[in-house]
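Heads up: the structure comes next, in structure tokens.
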Amino acid sequence: MELFSDKPAVAAAALTRLVAAEARAPGKPAGRLQAYLSDLVVRNGPRIVEQLAIELARQHLATMDRLAKETGKPAARYLDEVELAAAMDESIGRDSADPGEGY
């Protein structure tokens, strides 16, 4: 699979786009995601996974901050919701009624 970039920030955005595409096609296997991650590791070594995880967390927090500013709800409340869903072995995006809405 050809990458958009090996830079963690761009790779994180590309990974998010792949997840969004899968959300629009429920039941589709995660093969593209796995191929993308495998290609990143082959091209950059296993440390890229750490860098990707850090970048995804940063982008996720930035998104929550923007959402908090728009809604007036504290970003910490959104983080609480994500942590609660994770603790209950759920995913907010995957388990929502209309995944991928707005993409």
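For this structure, a couple of remarks:
- If R0 equals 30 Å, the separation of the Cβ atoms of Glu50 and Ala87 corresponds to a calculated FRET efficiency of about 0.80.
- Heavy-atom accessible surface of region 1-77: percent carbon and sulfur, 1.4 Å: 59
- Two-site FRET efficiency, Asp39 against Ala76, from Cβ-Cβ distance with R₀ of 35 Å, rounded to 0.05: 0.45
The values are calculated or read from the model by the stated rules, or taken from the named source; none is laboratory data. Every value quoted in this text rests on a predicted model; they were computed, and no experiment measured them. Because the Cβ atoms are built from the backbone with ideal geometry, glycine has one as well, and the counts that use them run over all protein chains shown. For the accessible areas, the whole protein counts, side chains as well, though only heavy atoms, and no ligand, DNA or RNA atoms are used. Shrake-Rupley method; radii C 1.70, N 1.55, O 1.52, S 1.80 Å.
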